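Student: What follows is a single structure, and I will ask about it in a moment.
The values are calculated or read from the model by the stated rules, or taken from the named source; none is laboratory data. Because the structure is predicted, anything quoted here is derived from the model rather than measured. Cβ sites come from the backbone with ideal geometry, for glycine too, and all protein chains shown count toward neighbours. Note: accessible area is taken over every heavy atom of the protein model, side chains too, but ligands, DNA and RNA are not part of it. Shrake-Rupley method; radii C 1.70, N 1.55, O 1.52, S 1.80 Å.
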Amino acid sequence: MFNAWDCRERPPEEGAAAGLQGFGVDKNFLSSLKGILLETELALTFVIFICFTASISAYMAAALLEFFITLAFLFLYATQYYQCFDRLNWPCLDFLRCVSAIIIFLVVSFAAVTSREGAAIAAFVFGIILVSVFAYDAFKIYRTELMPRTTEGDQQ
């Protein structure tokens, strides 16, 4: 269904790294804008998880869930393993991940700030920063991947 077996059945590539068919990390991706955005999202989500754990443990599940989702996307993009699942629309999934994280962290951050604890206020501040990072990521995904392209014949 997802063509994961097709990726494993491909013939090995020629060259020095032909024996290294595991999960090789693409260092160019990690230093690109998308990689830096995913790493920033991952780090801020972890900080918010720690803040929620220290203050209001009822909200830590949302941060932990988003941490694991972001970690999965970072892993799939950094190892280029997402190319094995060619039937999935990865830019659309990544855009939906960003939009759902924006909604989740806006609601949880504003709910947490009502407790007036120090760690909850820190989680609110980091949550607003994280929402802006997710919004920028969603904007970049929309601009580069999802926005319809205009051709020379369409312009008048």
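Student: Does residue 95 meet the test of being touching a Lys or Arg at 6+ places or on another chain (Cβ under 9 Å), closer than 25 Å to residue 78 by Cα, in a helix (DSSP H, G or I) and not β-branched (Val, Ile, Thr)?
Tutor: Criteria not met by residue 95.
Student: Of the numbered conditions (1) at pLDDT below 85; (2) touching a helix residue (DSSP H, G or I) at 6+ places or on another chain (Cβ under 8 Å); (3) open to solvent by 70 Å² or more (accessible area, probe 1.4 Å), residue 33 fails exactly one; give the number of that condition.
Tutor: (1)
Student: Which pairs have Cβ atoms under 8 Å, sit 6 or more apart or on different chains, and link a residue in segment 90-114 that is touching a residue at least 60 places away in the same chain (Cβ under 8 Å) to one that is of a type outside the set (A, V, I, L, M) and open to solvent by 50 Å² or more (accessible area, probe 1.4 Å)?
Tutor: 112/59
Student: If you scan segment 36-55, which residues turn out to be of a type in the set (S, T, N, Q) and open to solvent by 30 Å² or more (accessible area, probe 1.4 Å)?
Tutor: Result: 40, 53.
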